[in-house]
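Notes follow the structure.
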Amino acid sequence: MKKRFTDTEKWQGWFRKLSIEHKLLWVYINDACDCTGVWIPDFELAAFKIGCEIDPKAATEAFKDHIEVLKDGRWWISGFIGFQYGELSENCKPHLSILKALKGHGLHLTHNSRKGIQRVYKGYPKGIHTLEEKEKEKEKDKEQEKERRIRFKDRLNKLFNRRDSTGWSVKEDLKLSEVLERPEADLEIDEIERYYTSGAKFLRQDIMTLLNNWTGELDRARARLETPTKKERFRSYEEYEAAMAEKAQTGLEVVKEDENE
């Protein structure tokens, strides 16, 4: 489950003047958008989720000062990046997937502002004018992506005790490419690692099956990490054993862990 900041002061400004339908829609969009604040309009689904009918034109007008409609029709919450992350940096590992997703949307950071995003139709930040500079930018992107791929492989190798010298098959590389295309892949691998080192049972036995079932494993990881086992609810194994002994002596109700959990 994703967790995001929310502005508790929004009730004092423009938000308070919205209709109930538009208030609910705005909250929904901020939850449903991707890590860059881009939302693919699906008003039928949104109406079902919030329980209200939605007029797309009226909604666009209501949010006109806070969204930008991109060329392909997607909505971009213009203040999302600055509010959620502050200043993005290529030196910050969790920010790399966000920066990559921004480029995929044709959005780029302005380096002198924390509001920081502007649309560049040609896909390059302002200030890059020559073909040589464009080629240098492309090469830089390729090198960063190559390093990212190597880091991802190293982490997966460690999860399955695979030696770094062991080569990856063509199929594994192709599946890895699909996973790396996910906007939040660099954050998702953190959740997968925590899950696979948590002592959970019935884990995938090799890298290929994990990559083939990435979404499903991610769902299981989030469920596991958000809902600890009964034994994990105690601060230590000794505390758990003491509670069980107390139950046996006094009859106090202490839920005993299922042997198979």
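The values are calculated or read from the model by the stated rules, or taken from the named source; none is laboratory data. The shown structure was predicted, so the numbers you read here are calculated from the model rather than taken from an experiment. All Cβ positions, glycine included, derive from the backbone under ideal geometry; neighbour counts span all protein chains shown.
Among the residues of the stretch 152-189, those identified as acidic (Asp, Glu), surrounded by 16 or more Cβ atoms within 10 Å (Cβ to Cβ) and under 22 Å from HIS105 (Cβ atoms) are GLU184, ASP186, GLU188.
Within the stretch 192-228, being surrounded by fewer than 17 Cβ atoms within 10 Å (Cβ to Cβ) and among the acidic types (Asp, Glu) holds for GLU193, ASP206, ASP219, GLU226.
For beta carbons closer than 8 Å, sequence separation of 6+ or different chains, a first residue in the stretch 1-14 that is in the same structural domain as CYS33 (by TED's automatic domain parsing) and a second that is in a loop (DSSP other than H, G, I, E, B) and not acidic (Asp, Glu), the qualifying pairs are TRP14/HIS66. Does the stretch 31-38 contain any residue that is part of a strand (DSSP E or B) and under 27 Å from LEU88 (Cα atoms)? The answer is yes; a qualifying residue exists. When you check LYS146 against the structure, is it outside the structural domain of CYS92 (by TED's automatic domain parsing), exposed (fewer than 13 other Cβ atoms within 10 Å of the Cβ) and farther than 24 Å from LEU99 by Cβ, yes or no? No, not satisfied. Only one of the numbered conditions (1) modelled with pLDDT of 85 or more; (2) among the small types (Gly, Ala, Ser); (3) not in a helix (DSSP H, G or I) is not met by SER89, and that is (1). For the stretch 162-201, the set of residues classified as touching a residue at least 60 places away in the same chain (Cβ under 8 Å) and among the small types (Gly, Ala, Ser) consists of ALA185 only.
Does ALA59 qualify as being free of Cβ contacts under 8 Å to residues at least 24 places away in the same chain, of a type in the set (A, V, I, L, M, F, W, C) and either in a helix (DSSP H, G or I) or loosely packed, with under 13 Cβ neighbours inside 10 Å (or both)? In short, no. Among the candidates GLN12, GLN84, the residue that is at pLDDT below 90 and farther than 20 Å from ASP186 by Cα is uniquely GLN12.
Keeping to the stretch 92-116, report how many residues are small (Gly, Ala, Ser) and at pLDDT 55 or above. The qualifying residues number 4. Under the condition of being modelled with pLDDT of 55 or more, under 26 Å from the mean Cα position of the chain (by Cα) and either surrounded by 13 or more Cβ atoms within 10 Å (Cβ to Cβ) or not assigned by TED's automatic domain parsing to the domain that holds THR209 (or both), the residues counted in the stretch 117-140 number 1.
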